[in-house]
Each structure stands twice: as C-alpha cells, then as structure tokens.
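Q: Pasting in a structure now, in structure tokens, and then I'll have a few things to ask.
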Amino acid sequence: MKATEVGKKSTTKNADDVRGKTIFFFGIVGMLLFGWIIFPLFIYEQVDQPIQFSHRTHSGDNVALKCADCHSFDKDGRFVGIPAVSKCAGCHSHTIGASGEEKRLVEDYVIKNREIPWVVYSSQPENVYFSHATHVKLGKVDCISCHFGHQYTDRLRPAMFSRISGYSLDVFGSTLFDVPSTPSTGMRMDDCAGCHSKHGFKETCIDCHK
Amino acid sequence: MSHTISRRDWLKLVGGSAIGFVFTPIPWKILDESAKWTQSSSFPYGRHREAHLQSDGRISFRYTTCTLCPMACGVRVRCAADGGRGSLEAVGMTGTPGHPIGGGSLCAMGLAGHFLRYHPDRVGNPVKRTIDKRRFAPVPYDEAISNVVLAISASGNGSVAILDSHPDRTISYVYRDFLGKLKNGIYVIPPSCDSMPTTVTDRSLNTGGLEFGYDLINSRTIVSFGTPILDGWGTQGQFGSISEARRHRGQDKLRLIQIEPIHSRTAQLADEWIPVRPGTEYAFALAMAHVMVHEKLCDIDRLRRDSKDFDGLAGNSFVRLIERFSPKCVAEMTGIPADRIAAAAKETVTRRPSVVVFGGNPASGPFRPEEQAAFMGLNILLGSIGTRGGLVARRELPGPFPASHGSDNPGHLAVKTQLADVPDGSIGVLIIDGADSGSIVPWQAIQRKLSADRHLVVSLTSYLAGNSVNADYILPSPAYLEMSGDVPTPPSAPFASYSLASRVFPGPATAVSPLDFVKRTSAALSVRLGYRYQSYDMESLLRKRAEKIFSRGIGRVFNAETGENEKLTALSLSQFWNMLSGGGCWIDEVPAKLPTTRFAFLDSESRTPVNITSPKRADSGEIALMPVGTRGIGTAAQSNPIMSKLNRESDLRMPAGTVSLNPVTGEAAGLKDGVKARVLTTAGSMTVKVRFDRSAMPGTILAAVGDLTGGSERTNGETQDSILQICKIENDSTWRITNAAIEPA
C-alpha cells in the first residue's frame with residue numbers, strides 16, 4: 001500500500017470520527033432541546049381563561065380594591081373564592097372603560113346574567129382539602145404570602161393541565177422534575193408540610209385529607 | 001468523506017438521543033404523571049381534566065347513617081361522578097352537620113369508611129374452610145346454603161344460633177322470627193361495653209325489660225368505672241357535648257371522675273383519675289356506698305321504702321354487705337387512701353345529678369355481673385334511676401312486624417339471649433352476623449358455646465377479619481354503604497332514636513344480603529316465616545317499621561338536607577320516609593315512665609351477698625394481664641387507612657402485639673424496653689414486644705388489642721395472633737383480667 005493511500009484513509013477515518021461524534025453530539029443536544037422545550041408544550045394542555053382580567057387595574061391607586069373586596073368569606077367563614085358575576089356587576093353593570101374584555105364581560109355575562117366559567121388553576125385531588133379560611137383567618141397569613149405579585153398582573157395566564165394525569169401544573173409545581181426549586185412552587189403535600197414545618201406547625205393526615 | 005447518511009450514522013444519532021433522553025424530563029415526567037393518573041378518580045377513563053372546569057354536577061352529596069358501629073352517626077358522603085361508568089364514587093366522608101346523635105362529627109373509623117369497600121380483606125365470593133382447616137376455598141353460594149341447611153336439619157340436640165352484635169335492627173327481627181320458627185333456634189347477643197344488658201337492669205331495678213341509657217349531658221358528676229367516655233365510647237355528638245359541658249355551664253360544670261387502673265386517655269383528660277388496683281373497682285364502689293350510707297349522705301328512708309334489701313333483713317342486706325367495705329379496709333385492697341375514697345363519695349353526692357357509668361373497655365369487655373350490681377347499687381343510692389342526668393329508661397322502639405297478626409305475632413320471635421347465658425357446648429350451627437358492636441368478643445368466648453363433637457359456623461360478613469376467620473363458611477354480604485338497613489337507638493343513648501342507612505353504592509353481584517340468606521335458608525328448610533317478608537325486600541320492611549314509628553306521632557325528625565328539626569306530627573308519612581331515607585333521624589325526646597317497683601341491691605333469687613371474686617393484688621406476685629383498645633381498633637374487623645395511619649404509623653395507639661409495662665415490673669422480670677417477651681397464662685403463651693411506660697401500674701401488663709398488619713394474604717386463613725387468645729374467659733363470658741407471668745422470649 002502506498003503512503004498516500006494510507007494518508008488518505010487516515011484522513012477519511014479522522015473525518016468520519018469527527019462526523020460520527022458530531023452526529024452523536026447532535027443526537028444528545030437534539031433530544032435535550034426536544035425534552036426541555038418541545039415536550040413541555042406537548043404534555044401540558046394550555047387552557048385560556050374565558051375573558052381577561054387585570055388585577056393591576058383593580059388593585060391600583062385608581063380603584064384600590066383589596067383582595068377581600070372580591071375574594072371574600074361568607075357569613076359562615078367559608079372562602080368564596082372567585083367572585084360571582086353579580087359582584088362584577090356592582091361596578092360593571094354597563095361598560096365604564098374602553099377595554100374589549102370589559103365589553104365582553106358586560107355583554108356576554110353581566111347582561112345575560114351568566115356566570116363566567118373561570119378555569120381553576122389549582123384544583124386539588126378529591127381526597128385533599130385546603131382551607132383558605134384556616135390559613136387567612138386563623139393563621140393570619142397575608143394573601144400575598146402565597147399569591148405574591150398577583151396584584152400586579154395585567155392578564156390572567158393560561159392554566160396548564162397535564163394531558164396524562166389531568167392535574168394542574170400549579171398543583172404539582174412549576175418545574176418539570178418532581179423536585180420543585182422552592183417549597184412553595186406547588187401545592188403538593190411536601191409544599192404544605194414544608195411551610196408548616198417552617199412556621200412551627202404540626203399537622204395530622206386528616207387536616208388535609210378528609 | 002461521504003455525504004450520505006449511513007446506518008452507522010443513524011445508530012450514533014439514536015445512541016446520542018438515547019443518552020440525551022435520560023437527561024430530559026420525558027421519561028420521568030411520563031412516569032410521574034401516569035402514576036398520578038392511576039390515582040385519580042377518572043382512571044382509566046381520563047376525564048379528570050373536566051373537573052378543573054367549574055362545571056356543575058360533578059360533586060354531589062349523599063346523606064346516610066353510619067353502620068360501622070351502633071352509634072348511628074349521620075354521614076355526609078361526598079361523591080364524584082365517575083364519568084366513564086356513569087356512576088358515583090365516594091371521595092370523602094364527614095359528619096352530617098347538626099345531626100342530633102352524631103353532632104356533625106365522625107370518628108377515625110367513619111371518616112374513611114368509604115375506603116372499606118376496597119379493603120384488602122374484603123371477601124369477594126363465598127368461601128369454605130378446607131379440610132385441613134388452614135385455608136379457605138371458593139364455594140358456589142347454592143352449595144354453601146345447601147350445606148348450612150343440612151347442618152341445621154342435622155343439628156339434633158344442638159341449637160341453631162344467630163350471633164347479632166347490633167340487635168334491634170330490622171334484620172335482627174327477621175333473624176328472631178326465623179329462629180323462633182325453629183324448634184332449637186336461639187338469638188344471641190354478645191357482650192358490649194356500650195350496652196347495659198337488660199339482665200342487669202331487670203335484676204337490680206326490676207323494670208320489666210326496659211332499656212336504659214345514660215343522660216350524661218345533664219349530669220353534674222360522672223363517675224366512670226373503666227369506661228372510655230372521652231375516647232371513643234358513645235356517640236361523637238355526645239363527646240362534643242360532654243366537652244362543652246366540662247368547659248362551660250359555670251357552677252353546673254360537668255365533672256368527670258375516672259376510676260380505673262389504666263392511665264387511659266379518658267383518665268388523662270378526666271378531672272380526677274383514681275388509679276385503683278386491677279379488679280378492685282367494685283370494692284371502691286362499695287366503699288363509696290359505705291361512706292354515703294354511714295354518713296347519711298343519701299335518703300335512707302327512700303332507700304328503705306323503694307328497695308327490697310337495703311337493710312333490716314334478718315339475713316343479708318346491702319347495708320350488711322357494705323359493712324365489709326369500709327374505706328379503711330378498701331384502701332388496702334385498692335391502693336387508694338381512705339380519705340380519698342370518702343372525698344369521692346361526698347363529691348358524687350353533693351354534686352348531683354350524678355351518674356355512675358360502668359361500660360368497660362372495648363377490648364377487655366364489660367364488668368362481671370356481680371361488679372355491675374355494685375355499680376348499679378351506687379346509682380340507686382344516688383337516686384339516679386329514672387332522673388334527669390342519671391340512668392334514663394328509653395321508650396320502646398317499634399319493630400317492623402305488626403303487634404298482633406295471627407301467627408305473625410311477635411311473641412313468636414326468639415328472645416334475646418346474652419352470650420353468657422347460652423349453655424356451653426350447646427350450639428350446633430352458629431350464624432354470625434357481620435355487624436359490628438364496636439367491642440371485641442374473643443373467639444374462645446364463642447367457641448366454648450359450640451358443640452364439641454359437631455358444629456358449623458357461618459359468617460355473613462364483608463371481610464375476612466375478626467371472628468369470621470374462624471368460620472367454616474363465609475358468605476359475603478354487601479359492605480358499608482352498599483346495603484340498605486336501619487340503625488336503632490345507640491346502646492348508651494338516653495332516648496330512643498331511629499335512622500336509615502340508605503344504600504349509596506351498588507354492591508358486587510356476588511354479595512348476598514343477610515335477608516336473602518334467611519329467605520333462602522328458610523325456604524330450603526320449608527320453614528314458614530311468620531310475617532310476609534318472604535315476598536318483601538329490605539326497603540319494604542324498613543318502610544313498615546317507619547310507618548309504625550310514624551303512627552305513634554311522637555318525637556321530632558332531623559332533616560339532613562336542611563339541618564332543621566321538625567315535629568313528627570307536622571309531617572306526612574311520605575315526608576317522614578323521605579327525611580329518614582335522606583339521612584335524617586327520628587328521635588324521641590321523652591324518657592319512659594318507670595313502673596312502680598322496688599329496687600334490689602343484691603341477687604334477688606339467692607338472697608346471698610353479691611358473689612364477688614377476690615381482687616387481684618399487685619403485691620401478691622401475680623401480674624394482671626389487661627387487654628386494652630378502642631372502638632374500631634378493638635374489633636380487629638374494619639381498620640381503614642386513616643386508622644392505620646394514625647394508630648400504627650403515627651404510633652398514636654399502642655400497636656397490636658405490644659404490651660406496656662411499668663419499668664419496675666419489667667426489670668423484675670428481667671426485661672428491657674423494646675425487647676421481645678413471652679406472656680404466659682393458663683390459656684397459653686404469646687410472644688409480644690415490650691414497651692416500658694411509667695404510667696402503667698406496677699404489677700399489670702397492658703396488652704394492646706387491634707388489627708394486625710397484612711391484608712389479602714390473610715385470605716389463606718393465617719392465624720391472627722391476639723393477646724385475647726391467652727386471656728382467661730370466665731364462666732360469665734367476661735375476660736377483663738387474667739393472671740399472667742412474663743419472661744424474656
């Protein structure tokens with residue numbers, strides 16, 4: 001075999017090695033990109049709220065509503081949660097601004113006396129019970145302790161539901177792995193226990209599992 | 001270099017992707033989400049997502065009555081529609097708010113009662129014990145019935161008995177009618193720590209079969225002999241009311257004096273705990289009576305007038321009996337100073353109305369009849385019989401059958417017989433109803449009643465647990481919430497009440513109700529049942545009973561839907577039925593009038609002093625073995641996940657197979673905390689785990705009774721070792737205390 005042929009083969013082999021490693025590396029990177037960017041788009045179903053709502057507008061200086069003005073407790077102490085349309089109609093019996101969303105609120109819901117089918121971000125499994133009243137009234141926990149920044153939002157973000165389990169991303173934490181970055185990113189049992197432990201509260205099973 | 005993609009390139013790409021795949025969330029997330037999906041109520045239909053939309057109708061509530069024990073608590077079942085199957089699934093249980101008996105609360109057993117349908121010990125098909133007696137094997141239902149019928153026909157001199165732990169239900173009347181038609185049928189009630197047997201009240205109070213309950217809420221002083229009043233005894237509503245009455249009411253604040261050797265939860269929570277030595281509770285009671293009589297703290301004239309044997313008899317009298325039980329003498333027996341005995345007696349008298357409660361512990365059973373007579377004597381001295389805040393007689397709750405219907409006369413019903421009154425070795429065929437009294441009955445107490453040479457035991461139950469593991473045949477009945485039934489007055493309640501336990505979910509096709517069992521058995525035996533229920537279903541019988549209650553026109557009815565009470569007279573029959581079947585409750589508000597009678601402190605027949613056995617003495621060298629447990633955990637029959645979590649994993653209750661010893665007692669026996677030991681009695685021995693507890697009285701072994709770990713593997717008939725197996729069963733079917741020894745295993 002001539003030396004030039006040996007050299008050519010050696011060069012080709014080196015090139016093939018580089019090409020092979022590149023393809024191998026491309027496989028790794030491609031899968032990582034797919035797994036971390038595209039897969040989440042696939043596994044979670046995004047559900048938009050029926051209409052948009054600006055917490056910033058309502059809690060800002062002009063309107064200056066407090067959380068409890070809309071998200072109130074009834075006379076039995078039960079947390080009402082999302083206000084009924086009748087509450088909105090107190091101010092929005094007719095349009096008072098230029099927002100298209102407000103127009104939809106008035107025309108589609110207030111005038112027709114229909115409730116808004118809000119999408120709930122954090123419905124717990126059926127065997128779990130979370131009491132706002134216990135935390136807010138008994139535990140004196142401020143709303144913003146858990147819902148920090150909510151009052152500054154202009155839009156309602158879409159809810160994300162797993163296409164497999166059906167549970168909300170808000171329940172099981174905002175990270176894809178099952179280890180949330182901070183204890184308060186979800187409403188898992190570990191999150192509850194972590195916060196309780198942090199504040200020196202002991203809980204029993206039946207506090208949450210009714 | 002070639003520009004075509006070779007097979008090797010593809011392999012490298014796939015290899016790289018495979019490595020990258022492991023570092024993406026894909027496999028882990030899919031695994032995690034799939035696991036969550038399998039735990040959701042929508043599995044395997046995948047419709048759970050819809051629950052996150054605020055759609056109406058997915059969650060609904062059903063109201064019914066708990067039948068896990070006789071306490072008749074109202075239950076609100078939270079149900080979720082199971083979209084794929086179009087049926088309901090229970091997802092939560094709470095007490096019915098405002099319920100007159102349950103008070104809106106449920107115990108740990110009831111809170112997770114809906115899980116019991118899926119209990120691993122649930123019996124799916126009829127099974128019979130194999131010839132080697134070690135296993136159960138499936139058997140066709142018809143074959144099982146045929147063999148039961150054959151056994152009844154061939155029972156000869158042996159009797160046919162039905163053991164009913166929850167008497168006075170409509171099915172109980174059916175049992176009694178069936179047994180009444182057999183020449184050798186007997187209807188048997190096991191001992192329970194909740195009920196006060198009419199044999200006791202009839203003997204002491206001579207009240208002709210009236211049933212009594214405790215009016216605890218209106219008392220000012222409760223003297224409890226070993227009864228776990230604040231730990232699962234009675235109804236949940238009663239517990240709440242007692243707690244309220246102990247905190248508030250000013251001068252009339254309720255005071256609880258707990259007298260027992262065990263530092264139980266009730267003892268811990270009581271206003272005063274008097275730790276008498278094991279087996280000396282009766283002596284303490286008689287010493288209290290001694291103080292009351294000698295210091296003339298009670299109405300002596302009334303007692304002479306109203307009782308047959310208070311004093312003055314030439315022979316024995318109550319006064320002569322209590323002469324032997326002076327506080328000084330009893331102080332030595334009980335280990336309680338004489339002045340403390342006197343102080344308890346004086347306080348009980350001065351803070352009237354007072355009532356003496358003597359139910360006993362669910363695991364160790366009721367007191368002996370002689371001891372109960374001593375406690376009842378205290379109630380008579382205190383004037384607590386038939387008075388507000390004392391022992392109150394209930395008005396009778398009508399049964400489902402007509403009062404007089406030719407051959408259907410209820411006189412043909414088999415009479416209620418206490419297990420203790422059944423002759424030993426007399427039962428040829430025993431049918432055990434699956435209802436639970438909340439108190440455990442050791443198998444030996446039942447076994448001694450069975451014919452030694454030939455007997456057959458049939459269990460109509462949903463679970464292979466408790467005494468059903470000793471049956472020859474297990475015929476599965478629908479589980480809790482799967483069968484309609486009724487819940488009569490709770491045993492310790494002061495007033496009569498009636499609730500329906502409506503079916504919430506359908507039971508499995510293989511489950512056969514006890515009513516159908518009786519119908520088929522009686523048809524095969526050609527027994528003509530008295531009433532026409534051969535053609536009735538359970539709901540029709542329940543309606544008959546509701547009609548009879550309605551016809552009395554007394555009491556009020558609680559509406560579970562609205563939480564309000566209405567006078568029965570303000571309702572139509574259909575409204576009454578709808579309220580009952582909707583989880584409501586009828587409750588009487590007036591006690592029964594007591595007949596003019598004379599009380600008896602002593603045994604009315606032999607006229608001899610109460611025959612009380614010698615007390616156990618801690619310093620006598622014998623160790624007293626005492627079973628302990630609570631309702632539910634004591635029955636070893638129906639443990640649910642919450643109880644398992646609370647009692648075993650969280651160690652809130654001493655687990656079965658464990659004994660608690662005072663370190664002094666343990667070290668004297670050569671034991672250390674946490675070691676294995678062997679407990680020996682005349683009935684056998686058992687290996688247990690030792691736990692040192694300074695609150696345990698020296699000279700006692702507190703042995704936990706409860707369910708054991710395990711589940712479906714027990715369907716092979718593995719023996720459940722229980723400390724009760726080595727307890728001595730007395731002739732009167734009690735087993736409170738057994739002389740024992742303990743040594744290192």
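The values are calculated or read from the model by the stated rules, or taken from the named source; none is laboratory data. Given the structure is predicted, the values throughout are model-derived calculations rather than measurements. A quick note on method: Cβ atoms are made from the backbone with ideal geometry, for glycine too, and the neighbour counts reach across all protein chains shown.
Q: Under 8 Å between Cβ atoms, which residue pairs at least 6 apart in sequence (or on different chains) link something in segment A:185-210 that is within 14 Å of another protein chain (Cβ to nearest Cβ) and of a type in the set (Ser, Thr, Tyr) with a partner that is surrounded by fewer than 15 Cβ atoms within 10 Å (Cβ to Cβ) and in a helix (DSSP H, G or I)?
A: Partner pairs satisfying both residue conditions: none exist.
Q: Continuing with this model, one more query. Hey, B:PHE178 hits all of (1) surrounded by fewer than 21 Cβ atoms within 10 Å (Cβ to Cβ); (2) within 25 Å of B:TYR498 (Cα to Cα); (3) in contact with a strand residue (DSSP E or B) (Cβ under 9 Å, 6 or more places away or on another chain) but one; which does it fall short on?
A: (1)
Q: I would also like to ask the following. May I ask you to say which residue of A:ILE37, A:ILE43 is at pLDDT below 90, within 27 Å of A:PHE172 (Cα to Cα) and exposed (fewer than 12 other Cβ atoms within 10 Å of the Cβ)? Step through it out loud before you land on a result.
A: Numbers: A:ILE43 fails: exposed (fewer than 12 other Cβ atoms within 10 Å of the Cβ).
Residue meeting the stated conditions: A:ILE37.
Q: Return the residue satisfying two criteria in turn: it lies in segment A:101-151 and is in contact (Cβ under 8 Å) with a residue 24 or more places away in the chain and basic (Lys, Arg), and of such residues it is nearest to the other protein chains (Cβ to nearest Cβ).
A: This residue is A:ARG114.
Q: While we're here: From the list B:GLY110, B:GLY180, exactly one residue is of a type in the set (Gly, Ala, Ser) and within 14 Å of chain A (Cβ to nearest Cβ). Which is it?
A: Numbers: B:GLY180 fails: within 14 Å of chain A (Cβ to nearest Cβ).
Of B:GLY110, B:GLY180, the one residue that is of a type in the set (Gly, Ala, Ser) and within 14 Å of chain A (Cβ to nearest Cβ) is B:GLY110.
Q: Restrict the check to segment A:72-85 and report whether at least one residue is of a type in the set (S, T, N, Q) and either out of contact with any strand residue (DSSP E or B) (no Cβ under 9 Å at 6 or more places or on another chain) or modelled with pLDDT of 90 or more (or both).
A: Step one: list which residues in segment A:72-85 are of a type in the set (S, T, N, Q), which gives A:72.
Those still in the list that are either out of contact with any strand residue (DSSP E or B) (no Cβ under 9 Å at 6 or more places or on another chain) or modelled with pLDDT of 90 or more (or both) too: none.
Within segment A:72-85, not a single residue is of a type in the set (S, T, N, Q) and either out of contact with any strand residue (DSSP E or B) (no Cβ under 9 Å at 6 or more places or on another chain) or modelled with pLDDT of 90 or more (or both).
Q: Which residue, of A:HIS58, A:HIS92, is closer than 30 Å to A:HIS132 by Cα, away from every other protein chain (no Cβ under 14 Å) and part of a loop (DSSP other than H, G, I, E, B)?
A: On the way: A:HIS58 fails: part of a loop (DSSP other than H, G, I, E, B).
Checking each option against the conditions leaves just A:HIS92.
Q: Name the residue that is surrounded by the fewest Cβ atoms within 10 Å (Cβ to Cβ), counting only residues in segment B:485-528 that are under 21 Å from B:GLY438 (Cβ atoms) and polar (S, T, N, Q). Before the answer, list the steps.
A: Taking segment B:485-528 first, the residues under 21 Å from B:GLY438 (Cβ atoms) are B:485-501, B:514.
Then drop every residue that is not polar (S, T, N, Q), which leaves B:489, B:492, B:497, B:499.
Values: B:THR489: 24, B:SER492: 24, B:SER497: 22, B:SER499: 33.
Step by step, filter segment B:485-528, then rank; the result is B:SER497.
Q: Let me ask you something else. If we scan segment B:112-132, do we find a residue that is under 30 Å from B:ALA493 (Cβ atoms), modelled with pLDDT under 85, assigned to a loop (DSSP other than H, G, I, E, B) and of a type outside the set (A, V, I, L, M)?
A: Yes - at least one qualifying residue is present in segment B:112-132.
Q: Applying the selection to segment B:165-192, what residues are small (Gly, Ala, Ser), assigned to a loop (DSSP other than H, G, I, E, B) and at pLDDT 90 or above?
A: First pass over segment B:165-192, keeping only residues small (Gly, Ala, Ser): B:165, B:172, B:180, B:185, B:192.
Going one step further and asking which of them are assigned to a loop (DSSP other than H, G, I, E, B), we end up with B:165, B:192.
The answer is B:SER165, and nothing else.
Q: How many of the residues making up segment B:91-107 are in contact with a helix residue (DSSP H, G or I) (Cβ under 6 Å, 6 or more places away or on another chain) and either within 14 Å of B:ALA560 (Cα to Cα) or more than 14 Å from chain A (Cβ to nearest Cβ) (or both)?
A: Here the count works out to 4.
Q: With within 22 Å of the chain's Cα centre (by Cα), hydroxyl-bearing (Ser, Thr, Tyr) and buried (at least 19 other Cβ atoms within 10 Å of the Cβ) as the only criterion, which of B:THR199, B:THR235 stands out?
A: Values: B:THR199 fails: buried (at least 19 other Cβ atoms within 10 Å of the Cβ).
Going through B:THR199, B:THR235 in turn, just one is within 22 Å of the chain's Cα centre (by Cα), hydroxyl-bearing (Ser, Thr, Tyr) and buried (at least 19 other Cβ atoms within 10 Å of the Cβ): B:THR235.
Q: Another one. Go through segment B:193-242 and count every residue that is at negative phi and either in a loop (DSSP other than H, G, I, E, B) or of a type in the set (Val, Ile, Thr) (or both).
A: Step one: list which residues in segment B:193-242 are at negative phi, which gives B:193-205, B:207, B:210-225, B:227-231, B:233, B:235-242.
Restricting the remaining residues to those that are either in a loop (DSSP other than H, G, I, E, B) or of a type in the set (Val, Ile, Thr) (or both) gives B:193-201, B:207, B:210-211, B:215, B:217, B:219-223, B:227-231, B:233, B:235, B:242.
Number satisfying all stated conditions: 27.
Q: Go through segment B:248-263 and report how many residues are more than 23 Å from the chain's Cα centre (by Cα) and either part of a strand (DSSP E or B) or under 19 Å from B:VAL356 (Cα atoms) (or both).
A: As a first pass, look at segment B:248-263 and keep what is more than 23 Å from the chain's Cα centre (by Cα): B:248-255, B:257.
After this cut, where a residue has to be either part of a strand (DSSP E or B) or under 19 Å from B:VAL356 (Cα atoms) (or both) as well, the list is B:252-255, B:257.
Number of matching residues: 5.
Q: Among the residues of segment A:110-129, what is the count of those that are within 22 Å of the chain's Cα centre (by Cα) and at pLDDT 85 or above? It would help to see each step written out before you state the result.
A: In the first step, residues of segment A:110-129 are kept if they are within 22 Å of the chain's Cα centre (by Cα); the result is A:116-129.
Filter again for at pLDDT 85 or above, leaving A:116-121.
Number of matching residues: 6.
Q: When only residues in segment B:446-463 that are in a strand (DSSP E or B) and either in contact (Cβ under 8 Å) with a residue 40 or more places away in the chain or of a type in the set (S, T, N, Q) (or both) count, which is surrounded by the most Cβ atoms within 10 Å (Cβ to Cβ)? Walk me through how you get there before you give the answer.
A: Keep residues of segment B:446-463 that are in a strand (DSSP E or B), which gives B:450, B:456-460, B:463.
After this cut, where a residue has to be either in contact (Cβ under 8 Å) with a residue 40 or more places away in the chain or of a type in the set (S, T, N, Q) (or both) as well, the list is B:456, B:458-460, B:463.
On the way: B:LEU456: 23, B:VAL458: 25, B:SER459: 27, B:LEU460: 23, B:TYR463: 24.
So, considering only residues that are in a strand (DSSP E or B) and either in contact (Cβ under 8 Å) with a residue 40 or more places away in the chain or of a type in the set (S, T, N, Q) (or both), the one surrounded by the most Cβ atoms within 10 Å (Cβ to Cβ) is B:SER459.
Q: Just one of (1) in a strand (DSSP E or B); (2) free of Cβ contacts under 8 Å to residues at least 24 places away in the same chain trips up B:ALA267, so point out which.
A: B:ALA267 satisfies every listed condition except (1).
Q: Collect the residues in segment A:25-52 that are in a loop (DSSP other than H, G, I, E, B) and touching a Ser or Thr at 6+ places or on another chain (Cβ under 9 Å), keeping them in residue-number order.
A: Initially, segment A:25-52 is screened for residues in a loop (DSSP other than H, G, I, E, B), giving A:48-52.
The answer is A:GLN52, and nothing else.
Q: Pick out the one residue from A:ALA68, A:ALA98, A:ALA64 that is in a helix (DSSP H, G or I), hydrophobic (A, V, I, L, M, F, W, C) and more than 14 Å from chain B (Cβ to nearest Cβ).
A: Values: A:ALA98 fails: in a helix (DSSP H, G or I); A:ALA64 fails: in a helix (DSSP H, G or I).
Unique residue meeting the criteria: A:ALA68.
Q: I would also like to ask the following. So which of A:ILE96, A:ILE116 ends up being crowded, with 16+ Cβ neighbours inside 10 Å, of a type in the set (Val, Ile, Thr) and farther than 30 Å from A:HIS196 by Cβ?
A: Details: A:ILE96 fails: crowded, with 16+ Cβ neighbours inside 10 Å.
The conditions single out A:ILE116.
Q: So A:PHE39 ticks every box in (1) over 18 Å from A:THR153 (Cα atoms); (2) among the aromatic types (Phe, Trp, Tyr); (3) more than 14 Å from chain B (Cβ to nearest Cβ) but one. Which box is left unticked?
A: (3)
Q: While we're on this one: Give B:THR280, B:THR198, B:THR207 a once-over and let me know the one that is among the polar types (S, T, N, Q) and in contact with a strand residue (DSSP E or B) (Cβ under 7 Å, 6 or more places away or on another chain).
A: Selected residue: B:THR207, the only one of B:THR280, B:THR198, B:THR207 that is among the polar types (S, T, N, Q) and in contact with a strand residue (DSSP E or B) (Cβ under 7 Å, 6 or more places away or on another chain).
Q: Can you list the strands (runs of 3 or more DSSP E) found entirely within segment B:336-441 that contain at least 3 residues being surrounded by 19 or more Cβ atoms within 10 Å (Cβ to Cβ)?
A: Values: elements: B:354-357, B:391-393, B:416-418, B:427-433.
In segment B:336-441, the matching strands (runs of 3 or more DSSP E) lie at B:354-357, B:391-393, B:427-433.
Q: State yes or no: is A:TYR109 closer than 30 Å to B:TRP28 by Cβ and of a type in the set (Phe, Trp, Tyr)?
A: In short, no.
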